[in-house]
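Taking it in order: structure first as structure tokens, then the write-up.
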Amino acid sequence: MRLFDKLFGGGKKKVPKEQVETRGQHMPDLQIPVDEKFTINFKRNGGKFLYCDSFDEVYANLDNIIIENKWQDQTFFTMDDRLAERFSERDISFTDIPSRSQIFFTTCEHLIAQNGSILVCSNQLKERKLNELPSNLIVFATTSQLVESIGEGLKIINKKYKKQIPANITTIKHFLPTDENSDDFLTYGSSSKNLYLLLLEDL
């Protein structure tokens, strides 16, 4: 079943909107589908979520992000040659030098429903820390990368890369402040990012 079917009328169990909005973020998890839980927590963290059911929609949404932020003349920083090749037909210039860009374009390992974070590692970051990256992030991911918890994501990484487990594994969690997270002491000192998620349906 598609992600939007679950978000707008389908799925295993529909939880009233009022119940979601009145719960604190440290309360026990609601028994809702993993994709819906991720969406709720990701938006609470301040992320901007763009669902796409085809690559044409991915391209269209990326174009809209560029127009919205007036990034037409900006170069995108990426460390993923496959990502640069995939989007090579778009009117985008890429660089592998972060100081030359205000935008980091990347993939990820997993999307963590439990806290709405994005799990990345040296495959995406090399040896760089989050505070060394541009303040604007665009993440391209697929619905098959959604997992319930960080532990589940790490197990998949260990199984997938068992011959050479990647280093620098971390989560990107704190995006722009929202009414729900601006007073959260856990965000103090974190590297906040203006983050867009282009999520492609592949299930």
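Per residue, segment 87-172 exposes 50 Å² of accessible surface when a 1.4 Å probe is rolled over the protein heavy atoms with every protein chain present. Apply the a/c threshold of 1.5 to the C-alpha gyration tensor of segment 85-146 and tell me whether it is rounded, prolate or oblate. It comes out oblate by the Cα gyration axes. With K and R counted +1 and D and E -1, the other residues having a Cβ less than 13 Å from that of residue 92 yield a net charge of -3. May I ask you to give the percent of accessible area on segment 53-99 that is carbon plus sulfur, with a probe radius of 1.4 Å? Exposed carbon and sulfur together represent 38 percent of the surface.
Would segment 58-111 count as rounded, prolate or oblate if I go by the C-alpha gyration tensor, calling it rounded below 1.5 in a/c and otherwise prolate when a/b exceeds b/c, oblate otherwise? Rounded shape, in that the Cα axes give a/c under 1.5.
The values are calculated or read from the model by the stated rules, or taken from the named source; none is laboratory data. Bear in mind that the values here come from a model prediction, so they are computed numbers and not experimental data. Virtual Cβ from ideal backbone geometry, glycine too; neighbours counted across all protein chains shown. SASA here: full protein model, heavy atoms, side chains in, ligands and nucleic acids out. Shrake-Rupley method; radii C 1.70, N 1.55, O 1.52, S 1.80 Å.
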